[in-house]
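The values are calculated or read from the model by the stated rules, or taken from the named source; none is laboratory data. Everything numeric in this text was worked out from a predicted model, so none of it was measured. Here the Cβ positions follow ideal geometry from the backbone for every residue, glycine too, while neighbour counts run over all protein chains shown. Accessible surface is based on the protein model in full, side chains and every heavy atom, while ligands, DNA and RNA are left aside. Shrake-Rupley method; radii C 1.70, N 1.55, O 1.52, S 1.80 Å.
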Amino acid sequence: MTKVVIAEKRSVARAVAAALGGGVERAGGIECGDVVVTWAAGHLVDLAEPGDYPGRGWGRWSMESLPIDPGEWRWRVEGGEARARLDAIRAAVGRDGVDVLVNACDPDREGEAIFDRIVRYLGVRLPVLRLWVASLEEDAIRAAWETMRPGVEYRGLRDAADIRAKADWLIGMNASRAYGLVHDARVSVGRVQTPTLAMVVGRDGEVESHRPVPFWQAVAPMGGFTFMSGREQDQARARLAADLAARGLAVTKVERREAHDRPPRLYDLTGLQKDMNRMHRMSAARTLAALQGLYEAGLATYPRTDSRFITHDDLPTLEALLACAPLADVYAPAARGMRMRPELTVSDGRVAGHTAILPTARAAHADPARLDEDGRLVLTRVVRRMFEAVGDDRVRMLVHAHARAGHGTDVFGFDASSDETLQAGWSVVEPPRADEDADTDGDDARRAARERIPANLREGVTLAPVGPTGVHEGRTSPPKRFTEATLLAAMELASRFVDDPGLKAALDDDTSHSGGIGTPATRADVIEKLLRCGYLERRRGGALVSTQAGRDLVRVVDARLRDVALTADMEQALAQVERGGADPAEVMEAFRAWAVEIPSLAASSRDVGVTLARQWGPCPRCGAPVVERGGVWTCSTNRSERDGDGSWRDVEGCGWRLWPTLCGVRLTDANVRRLLAGGQVARKGFTSKRTGRRFDAKVAIDARRGARLVFDDEPRARGGAHAPGANRTQTPEGEE
């Protein structure tokens with residue numbers, strides 16, 4: 001009996017082969033006795049493009065060709081590495097004596113899809129076993145090898161992956177084409193990305209429509225803590241309160257409460273991404289890439305998990321990690337000697353396929369200096385969260401004092417609060433940072449953490465301020481703009497945007513895969529795509545802000561396409577398919593029926609009164625959309641400011657721009673579209689700035705300078721074989 005193992009990546013294949021005793025790598029596989037381990041390179045087989053369907057007319061963008069509805073789906077393999085890897089897998093499974101396939105792709109929805117598409121595309125009909133491993137340590141792989149289950153038991157996961165891919169394809173293709181054609185613009189609309197964009201647009205609208213309202217508060221310093229009055233809309237009233245407080249404050253109530261803050265849970269992917277963005281300004285995509293690298297190096301468990309717990313079976317592994325001195329010494333020295341409660345992390349019912357993210361035993365012996373900066377930061381945070389999650393409660397003494405000043409009709413209430421840590425507990429693991437106060441929510445919370453109300457303060461006493469009283473002037477603040485951390489949280493907790501009680505309850509159920517919109521594996525990609533499309537931009541300080549193109553798109557698309565409820569309902573249906581609780585054919589048909597309605601919805605949006613900004617193609621320097629501003633084609637990430645001398649300078653963005661005139665020839669809209677699509681444009685009548693001679697040439701995009709002239713080998717220009725200006729690059733002024 002010969003088994004062929006198909007892993008998702010070469011690094012995983014090598015880890016599996018090493019766990020099976022090692023082998024010889026040849027001909028695109030690793031031979032380990034009666035086992036051959038080969039590998040894919042991500043998605044080798046993908047859904048075909050619309051133009052790949054003959055006789056449908058989908059290669060041409062037109063409203064008459066919509067809706068796009070394949071019925072019989074086609075698949076394609078890109079050339080190059082994908083074709084070579086597929087040929088290597090074909091050779092491995094085609095060997096004599098092969099009678100079992102082992103699916104060792106990543107243990108998730110997409111891993112099932114990658115394996116299933118390869119096997120179906122090759123037409124292989126062999127029994128399948130599933131190697132389900134969340135850690136690439138040799139012991140974990142060997143244990144999983146001994147307990148492999150038939151691949152048919154994972155059919156729900158495979159069906160959900162297939163439906164998700166086809167539904168997203170249908171919705172994206174129909175919506176992007178239909179709205180783009182109706183509004184003469186290049187747009188990108190998606191099942192998850194458009195509701196996510198709508199959340200940011202809505203928040204930006206709240207921020208920008210906010211009108212600050214001034215207020216005043218009387219301030220009475222008491223030595224170690226401060227009494228402050230309520231907010232007054234009348235400055236004179238606040239001054240009166242301050243004058244009365246100077247004569248004495250009568251304490252009317254003192255409330256003391258001991259708060260026990262339970263340890264945080266272990267990380268799922270979204271939780272880790274939020275903290276890395278909050279603490280280190282790392283994007284969600286960077287965090288996932290770093291964690292994936294740690295996983296492939298055998299230093300961390302499977303990254304794309306939505307669980308924050310482990311099972312009872314995993315408890316001995318966690319206990320061994322907690323007892324591993326090198327892990328604490330290198331990554332969490334403050335945790336040494338801390339009392340630990342590993343049982344807090346156990347919940348069998350809340351682990352569906354993958355446990356929470358943990359370091360591996362191999363991480364204890366890895367040299368941190370061999371990791372890149374992102375890898376070190378992520379591994380450090382994962383190790384520290386492991387220790388935090390098992391620590392003692394953090395105990396705080398919360399004190400709130402009430403007082404009043406004045407008499408008769410002029411009586412003002414004052415309040416003071418303090419928040420003192422009595423026992424650091426789990427919070428000792430993460431050393432305090434210089435910007436720690438910036439992460440605390442609200443001025444009141446920051447002030448309470450700094451102040452100390454004495455233990456002997458009692459009701460009924462009258463206190464005199466220890467310094468002059470005064471008036472603090474403030475203004476009401478708008479909501480905070482989204483950062484990647486808070487946007488990930490909004491995607492994860494999407495139930496707050498849903499009114500339907502049943503769907504809200506399903507989204508709040510963290511034992512299900514249906515929580516929020518998107519999945520832990522896809523949310524980072526969604527945010528990055530919105531940035532690449534020019535619908536969002538990153539601002540200094542980490543804020544994510546919608547662009548005008550993003551706001552216009554949200555106004556144009558049908559309400560259901562931008563509604564969180566639609567995509568949340570779809571995620572819920574996919575989760576039901578995974579668990580065998582819904583018929584895959586019925587769920588797919590529901591998605592298909594919705595998608596084919598989109599072109600008619602787009603046609604009805606003509607009267608919205610919004611002109612979508614044209615996006616001409618991808619920026620050759622950074623990949624973001626190119627837009628036209630003031631007659632110049634420029635990367636949508638660019639932002640300029642005028643200096644004191646009247647000149648303009650770039651303050652943000654990659655800096656790429658294409659000026660409309662090149663050596664005396666003005667580029668047309670069609671020229672620019674073709675250039676940004678990777679083609680070349682032949683034009684006549686260029687004029688050399690130095691000699692005045694005219695010549696013909698081709699134009700190509702240049703990532704550094706905008707555009708460049710391209711010449712054939714034979715004499716082409718009117719001035720001779722090498723016309724003036726030949727092989728030169730356009731200057732910012734448009735001519736060389």
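Which residue out of A677, A682, A670, A700 is within 20 Å of C622 (Cα to Cα) and either surrounded by fewer than 13 Cβ atoms within 10 Å (Cβ to Cβ) or assigned by the TED database to the domain that holds R538 (or both)?
On the way: A682 fails: within 20 Å of C622 (Cα to Cα); A670 fails: within 20 Å of C622 (Cα to Cα); A700 fails: either surrounded by fewer than 13 Cβ atoms within 10 Å (Cβ to Cβ) or assigned by the TED database to the domain that holds R538 (or both).
Just one listed residue meets the conditions, A677.
For region 245-285, which positions are open to solvent by 20 Å² or more (accessible area, probe 1.4 Å), under 24 Å from A361 (Cα atoms) and under 13 Å from the mean Cα position of the chain (by Cα)?
Result: D275, single match.
When region 441-488 is examined, which residues are found to be outside any helix (DSSP H, G or I), closer than 30 Å to V200 by Cα and in contact with a strand residue (DSSP E or B) (Cβ under 9 Å, 6 or more places away or on another chain)?
Of everything in region 441-488, those that are outside any helix (DSSP H, G or I), closer than 30 Å to V200 by Cα and in contact with a strand residue (DSSP E or B) (Cβ under 9 Å, 6 or more places away or on another chain) turn out to be G474, R475, T476, K480, R481, F482, T483.
Restricting attention to strands (runs of 3 or more DSSP E) lying wholly within region 69-148, give those where 2 or more residues are free of Cβ contacts under 8 Å to residues at least 60 places away in the same chain, more than 19 Å from K9 (Cα to Cα) and open to solvent by 60 Å² or more (accessible area, probe 1.4 Å).
Qualifying strands (runs of 3 or more DSSP E): 75-77.
Specify the residue that is surrounded by the most Cβ atoms within 10 Å (Cβ to Cβ); the eligible residues are those in region 1-31 that are basic (K, R) and touching a residue at least 40 places away in the same chain (Cβ under 8 Å). Give the steps one after another, and end with the answer.
Kept after step one, since they are basic (K, R), are these residues of region 1-31: 3, 9-10, 14, 26.
Next, from what is left, pick out any that are touching a residue at least 40 places away in the same chain (Cβ under 8 Å): 3, 9.
Values: K3: 22, K9: 17.
Among those residues, the one meeting the criterion is K3.
Return yes when D415 is within 30 Å of T462 (Cβ to Cβ) and surrounded by 15 or more Cβ atoms within 10 Å (Cβ to Cβ) and no when it is not.
Working: within 30 Å of T462 (Cβ to Cβ): yes; surrounded by 15 or more Cβ atoms within 10 Å (Cβ to Cβ): yes.
So D415 passes the test.
Condition check ((1) assigned to a helix (DSSP H, G or I); (2) farther than 23 Å from A178 by Cβ; (3) more than 29 Å from the chain's Cα centre (by Cα)) across all residues:
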| site | (1), (2), (3) |
| --- | --- |
| L566 | yes, no, no |
| L574 | yes, yes, no |
| V577 | yes, yes, no |
| A602 | yes, no, no |
| D607 | yes, no, yes |
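Considering only residues that are crowded, with 16+ Cβ neighbours inside 10 Å and over 29 Å from the mean Cα position of the chain (by Cα), which ones fall in region 331-368?
Those that are crowded, with 16+ Cβ neighbours inside 10 Å and over 29 Å from the mean Cα position of the chain (by Cα): A335, M338, M340, P342.
Restricting the search to region 52-68, which residues are of a type in the set (A, V, I, L, M, F, W, C) and free of Cβ contacts under 8 Å to residues at least 24 places away in the same chain?
Kept after step one, since they are of a type in the set (A, V, I, L, M, F, W, C), are these residues of region 52-68: 58, 61, 63, 66, 68.
Within region 52-68, just W58 meets the criteria.
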